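Let me begin by presenting the structure, written as C-alpha cells, before commenting on it.
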Amino acid sequence: MKNPRSALCKTAIMTSADLLKSYPDKLLEILDPLLLQLLLKASQDKKFVCEEAEKALFGMTTWITPNPLLQKLQPYVTHRNPRVRAKVAMCISKSVSRLGADGIKDYGLEPLIQLAVAQVNDQLPEAREAARKLIVELHAAYKQTTPVIEESDVVSTLYQQDGWEQYCLSKLSPTAANAIFRITCNGTTVSLS
C-alpha cells in the first residue's frame with residue numbers, strides 16, 4: 001500500500017479488504033499498520049485510491065467486532081491530519097451504531113462521549129457530522145438504559161433529560177457539555193453558571 005504507483009496501491013487495498021472480510025477478528029494483532037495505511041490512503045487526493053480505501057474502511061466497520069475495532073481506532077482521533085480524523089470519526093460512528101444500547105453501556109458511555117467531544121468541533125465537516133451522529137446514538141442509548149420513572153411521560157422525559165445533562169456535566173468540561181446539549185436538546189443551550 002505504500003507503493004507510489006496508484007494501480008498497485010489500489011490492488012493492495014482491495015486485497016487488504018478481502019483479507020479483512022475473510023479473517024476479520026484474526027487480523028486484530030496486525031491491524032495497526034494496516035489501519036494507518038488505509039486511513040492515509042482514504043485521505044489522499046487520488047480519487048480512485050481514496051474511494052477504494054474508504055470502501056475497505058467502512059467494510060471493516062461491519063466485518064470486525066466493534067469493541068476491539070474502537071480500541072484500535074481511538075489513537076487516531078487526535079491524528080495531525082484532519083482528513084484522517086474525519087475518516088476515523090466516520091468509522092467510530094458506524095462501529096458504535098453496531099453496538100446497540102447494551103453494547104454501548106458495556107463498552108462504557110464515558111469513553112465514547114470523550115471520542116465524540118474530540119470530534120464535534122473538528123476542522124472538517126465530515127468529522128463534525130460523524131460526531132453529531134455518535135452523540136445522538138449515545139444519547140439514545142443513555143435514554144434506553146436509564147431506569148424510567150412510571151409517573152407520567154412528561155415527567156419521565158424531563159427526568160431522563162435532566163439525568164443526561166447531569167451525566168454530561170459530571171464527565172465533561174462545561175464547554176464540551178454545552179456542545180453536547182446543543183446537539184441533543186434541539187439547539188437549546190444550558191446555562192452553566
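The values are calculated or read from the model by the stated rules, or taken from the named source; none is laboratory data. Being a predicted model, the structure only gives us computed values, none of them experimental. When we count neighbours, we look across all protein chains shown, and the Cβ atoms used for this are built from the backbone with ideal geometry, even at glycine. Only protein heavy atoms, including side chains, enter the accessible area calculation; ligands, DNA and RNA are left aside. Shrake-Rupley method; radii C 1.70, N 1.55, O 1.52, S 1.80 Å.
Is it the case that GLU52 is acidic (Asp, Glu) and buried (at least 19 other Cβ atoms within 10 Å of the Cβ)?
Values: acidic (Asp, Glu): yes; buried (at least 19 other Cβ atoms within 10 Å of the Cβ): yes.
In short, yes.
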*Which condition number does SER43 fail, the rest of (1) in contact (Cβ under 8 Å) with a residue 24 or more places away in the chain; (2) among the hydroxyl-bearing types (Ser, Thr, Tyr); (3) farther than 18 Å from ALA131 by Cβ being met?*
(3)
*Among the residues listed as ASP32, ASP18, ASP25, ASP45, the single one being open to solvent by 40 Å² or more (accessible area, probe 1.4 Å) and in contact with a Ser or Thr (Cβ under 6 Å, 6 or more places away or on another chain)*: ASP25
*Please indicate, with yes or no, whether at least one residue in the stretch 71-78 is more than 25 Å from GLN166 (Cβ to Cβ) and of a type in the set (Ser, Thr, Tyr).*
yes
*Residue match in the stretch 79-90 (condition: in contact with a His (Cβ under 9 Å, 6 or more places away or on another chain) and of a type in the set (Val, Ile, Thr))*: yes
*Considering only residues of the stretch 130-155 that are at pLDDT 60 or above and charged (D, E, K, R), which is most open to solvent (accessible area, probe 1.4 Å)?*
LYS133
_Those residues of the stretch 66-97 which are under 11 Å from the mean Cα position of the chain (by Cα) and either farther than 26 Å from GLN44 by Cβ or aliphatic (A, V, I, L, M) (or both), in sequence order_ = PRO66, LEU69, LEU70, LEU73, VAL77, ALA86, VAL88, ALA89, MET90, ILE92, VAL96, SER97
*Residue ID - farthest from LEU57 (Cα to Cα), chosen from residues in the stretch 1-33 that are assigned to a helix (DSSP H, G or I) and hydroxyl-bearing (Ser, Thr, Tyr)*: SER6
